[in-house]
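*Asks:* Sharing a structure here in structure tokens format.
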Amino acid sequence: MTILTPSLTCIAQRPGYIYDYAHILTEIEIEALEDLCTQIDMNTTNEIIIVILENLDNYQGNIESAKLEYYNEKPLDNIVGIGKEGKDNGVLILIAFKEREWAFETGYGAEGYLTDSESGRIGREVITPYFQEDEYYTGLFITIATIGEEMGYDLEAFDPVKNEPPDPSLFDILLEDPLTLVWWLLGSGGDYALIILVLLVIAIIARSLLTGGLGGGGRSGGGGSKGRW
């Protein structure tokens, strides 16, 4: 992965990147997410915008209509459109809280970093499971960080202003690597190790079925994906 050097940085053009109209994040959490998006913008010129709507009532429940309007037409801090002019290198992540839906819209200039299949995978594997546990900040932070790294941002250089996302639990780590889970359980010993192993395998299968999300997505800026939690 190519890391952009400081000499290639630019001044971020947006006054804001996080628009939490549903009020599910604290001020400290918003500030940390804003800082991460700002640093990604300054180092890669790509804009990652998060819009969290309370509901889709103004869009007849259609998240596709909502995301296209916010990507192309809806002013955010008096700025219309996401991505640098002439580059179309923006990424919009729209959250519809009441409907429990998420959607990505990716500009043509950012599709080289974030394809429809990749945004769908991030939504299913990060947003859906974390939002199901009401871990909204952690889910969004990991989502932004993952996209930023794909864009060439060195996450190790990130210096959060106020807060950091909590470390994933041992269970989360083990779920990401089932083979490690098997060896960890067998190595732990005990009369109930096999029973626990069977139960956790069932839990993994159930979690996979529940977090499958919805594939596909509309096109306007470039591409997108959508799903539920």
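Read the figures in this text as sums done on the coordinates, not as results from a lab. Computed from a predicted structure; not experimentally measured. Counting neighbours? That spans all protein chains shown, and the Cβs are built from the backbone with ideal geometry, glycine included.
*Asks:* Would you mind calculating the relative contact order of segment 86-147 from Cα pairs under 8 angstrom and at least 6 residues apart, reporting the percent as a whole number?
*Replies:* 24
*Asks:* Moving to a separate point now. Using the charge dipole of segment 1-153 (Lys, Arg: +1 at Cβ; Asp, Glu: -1 at Cβ; taken about the Cα centre), state which of 58, 151, 95 has its Cα farthest towards the positive end.
*Replies:* Result: 151, furthest along the dipole toward the positive end.
*Asks:* Separate question: Can you compute 3J(HN,Hα) from phi for each residue in segment 111-125, using the Karplus curve 6.51 cos²θ - 1.76 cosθ + 1.60 with θ = phi - 60°, rounded to whole Hz and x for Gly and Pro?
*Replies:* 5, x, 9, 9, 7, 4, 5, 5, 5, x, 5, 4, x, 6, 8
*Asks:* In whole Hz, what ³J(HN,Hα) sequence does segment 127-143 give by Karplus (6.51, -1.76, 1.60; θ = phi - 60°), x for Gly and Pro?
*Replies:* 4, 4, x, 6, 5, 5, 9, 6, 9, 5, 4, 4, x, 6, 4, 5, 4
*Asks:* Taking 0.36 nm per residue of sequence separation and subtracting the Cα-Cα distance, how much length would be gained by fully extending the chain between residue 58 and residue 78, in nm to one decimal?
*Replies:* Extra length available between residue 58 and residue 78 comes to 5.2 nm.
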